[in-house]
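First the structure, in the form of structure tokens, and then the observations on it.
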Amino acid sequence: MNLLSSVNGTSVTLEWTPPLDKGGRSDVMYNVLCRRCSWDSGQCEACGAGIRFVPQQTNLAQGSLVVTNLLAHTNYSFWVEATNGVSDLSLEPPRFAAVNITTNQAAPSQVLAIHQENVGQNSVTLIWQEPDQPNGIILEYEIKFYEKDKEMQSYSTLKSKGNSTTVSGLKPATRYVFQVRARTSAGCGKFSQAVEVETAKAIPRYDTTTVVWICLTLISGLVSLLLFLICKKRHCGYSKAFQDSDEEKMHYQNGQVKFPESKFYVEPHTYEDPCQAVHEFTREIEASRIKIERVIGCGESGEVCYGRLKLPGKRELPVAVKTLKAGHTEKQRRDFLSEASIMAQFDHPNVIRLEGVVTKSKLVMIVTEYMENGSLDSFLRKHDGQFTVLQLVVMLRGISAGMRYLSDLGYVHRDLAARNILVNGNLVCKVSDFGLSRVLENNPDAAYTTSGGKIPIRWTAPEAITYRKFSSASDVWSFGVVMWEVLAYGERPYWNMTNRDVIQSVEEGYRLPAPMGCPTAIHQLMLDCWQKDRSDRPRFSQIVGVLDKLIRIPQNLKCTSTINRFTQTISERACIDFTSCNSVEDWLDSIRLGRYQENFALAGYTSLGMVMRMNMEDVQNLGISLVGHQRKILTSIQIMRSQLLSTMGSRRHL
Ligand code: ACK
């Protein structure tokens, strides 16, 4: 009776009270059955080995136990059955109480394989594999190293965002020990096994060229430091609160500050022959190495399939294979492969990874890592209301980290939207869709603008729609819309409003209201991304900082728009949430058309309910001469209706 569960990360405590009827005996014992259930089908299977039951799983005398070592972000079902000394004789099946739980986050598992890639006199380059169970998004790896047998005296640590690093500043001809561990928002995993590497022997004398090089490096280091300080000082368009010191662009090592190498993305179309870019950046895969198993979707250029890739000396990998439809033109082939040339230049856990291309077979293919949960918009629609706000924010953090990486490389995405984010089995979100034709060709959300380009209006910043001014700041605007899509579980931004009305209302200062249950801090961040002046928008590095902070202190996610709705003063901010208006007067004031109150009263529209039923003709009959104001009123009515529908829809989640 009264089976209660309490989840703590990847552990759960189960408590229950004895059965009402003990069968007249006092030897009641309990057994606990554990089943793991899939997100998709809801089907369950036995939990298998690796899970710990404390004190034990069967023959429990007391009404409680703790289950540990569960997988993160996974659904489990626990059945507690009561038995006694005569249960085996009974013809009836044992009676049980059941409870379903979903685990939260957990630290990543141990990094298993570290390899030395390069060894110099003063440096060692290491490469390692992501842990088998990242249990979330890996924020960084920590590399611990020390001279062999001198760990007690001193050791250094270095941080790396990706799964490789070069440790420099080492002594020549010295044996060092290295260990790596991963960190997610849930904490650090265990350090890997130690790997020993001996640095190469020193070349004793410096010739003049070396001395000149050393001087040049020092001077350029000083210049970079100066430039860095100037840039840092200049960038003050965005609130100080977001100047997060966690933003670790520098590596601290042995007390020294090391600057990361600056790297820029190369646009494949700047190559005279874009095929050359393909060969330069991508790996050619023999078609026979890929086993295509099924079609999973339809891309802009052809089918997307699920397959298995087996490269010599490597483990078989599940992959997604994008194909180019038959009968393509040479230009279509070039554009198709340009996506691979772009993707090949990226290496980040939140950006989709290219495995290679097949160009030498009849069928041209792009092979990428496989993402079990497909695109984010449909994934969220399928799991409407099933995640905690913290899980949604962790997904957004991943996307923002991917975008920070891309913007640092100078890459502007132009079509950042939930449909272009892919989700893997661990709910890690990765930015995808880097094709050149993608925004323009088959995207039903793209519309022609007056400047002639085809643009996904609902996701695009005003300056990009009006002057085609695409930048990382316009990507930030789109990221704000992605945030809204995520918190609204894949709802269409601006609902059924026409593109024209979206452009006009955004121009007039309207912004999407917080989806139901959306924390105020998250909606505030969306509004910051939607600042009209692009220099007032946060940069991706700042967005990552804000989201990291919210993830670290989840209490700040507790204050939601429902509470805010009654305390917020309307119209000081660009966002207007009409569901907070109580009367026609309130509403007209909020859109700064209070002067028409009398027109509405005279025409008999005394409540907002009546106003919401008005059509264009009704508005024209109000006696308002300015057509612009008529339009503004109509648009506002449409937004109010949509907000009401969204609020009603979102209530289901609660
Ligand atoms: O929502 P989906 O299942 O996820 O449908 C689309 C479809 O192909 C057309 O783009 C799916 N898709 C694209 N790339 C991948 C990938 N790398 N892994 C898994 N599914 C993918 C996408």
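Derivation of every value follows stated rules applied to the coordinates shown; laboratory data play no part. Because the structure is a prediction, the values reported are computed rather than measured. Because the Cβ atoms are built from the backbone with ideal geometry, glycine has one as well, and the counts that use them run over all protein chains shown.
Here are the numbers:
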| item | result |
| --- | --- |
| Table column - 3J(HN,Hα) (Hz), the stretch 171-183, Karplus curve with 6.51, -1.76, 1.60, x for Gly and Pro | 7, x, 6, 10, 8, 10, 10, 10, 9, 10, 9, 9, 10 |
| Proportion of all alpha-carbon pairs of the stretch 81-200 beyond 26 Å (%) | 40 |
| Shape parameters for the chain, alpha-carbon atoms, Rg then Dmax in Å | 29.2, 97 |
| Extension gain from ASP589 to CYS275, taking 0.36 nm per residue of separation minus the Cα-Cα distance | 107.1 nm |
| Distance-filtered residues of the stretch 96-125 - backbone nitrogen under 12 Å, label point 7 angstrom along ASP347 Cα→Cβ | 117-118, 125 |
| 15 Å cut-off, amide nitrogen to a point 7 angstrom out along HIS115 Cα→Cβ, residues in the stretch 154-191 | 163-165 |
| Debye intensity ratio in log₁₀ form over the Cα atoms of the stretch 1-146, taken at each q of 0.09, 0.13 Å⁻¹ | -0.43, -0.69 |
| Fully extended contour minus Cα-Cα distance, from GLN597 to LYS454, at 0.36 nm per residue | 47.5 nm |
| Extended-chain gain in nm, criterion 0.36 nm per residue less alpha-carbon gap, TRP79 and ASN122 | 9.7 nm |
| Computed E for MET616/MET152 - FRET, C-beta separation, R0 56 angstrom, nearest 0.05 | 0.10 |
| The chain, relative contact order [Cα under 8 Å, separation at least 6], % | 8 |
| Estimated vicinal HN-Hα couplings, Hz - the stretch 482-494 in sequence order (Karplus 6.51, -1.76, 1.60; Gly, Pro = x) | 4, 4, 5, 4, 5, 5, 9, 6, x, 4, 6, x, 6 |
| In the stretch 130-195, the chymotrypsin sites (Phe, Trp or Tyr not before Pro) that fall in loop regions by DSSP, at most 16 other Cβ within 10 Å | TYR155, PHE191 |
| Whole-Hz ³J(HN,Hα) from phi, Karplus 6.51 cos²θ - 1.76 cosθ + 1.60, for the stretch 387-399, glycine and proline x | 10, 7, 4, 4, 4, 5, 5, 5, 4, 5, 4, x, 4 |
| FRET efficiency, 1/(1 + (r/R0)^6) with R0 56 Å, evaluated for ASN8 and TYR265 via beta carbons | 0.85 |
| Cα-based Rg of the stretch 259-319 normalised by 2.2 N^0.38 Å, two decimals | 1.52 |
| Lys, Arg +1 and Asp, Glu -1 on Cβ, resulting dipole of the chain about Cα centre, debye, nearest 20 | 600 |
| All Cα pairs of the stretch 457-521, percent lying beyond 19 Å | 32 |
| Sequence ranges 543-556, 609-622, ranked by mean other-Cβ count within 10 angstrom, highest first | 543-556, 609-622 |
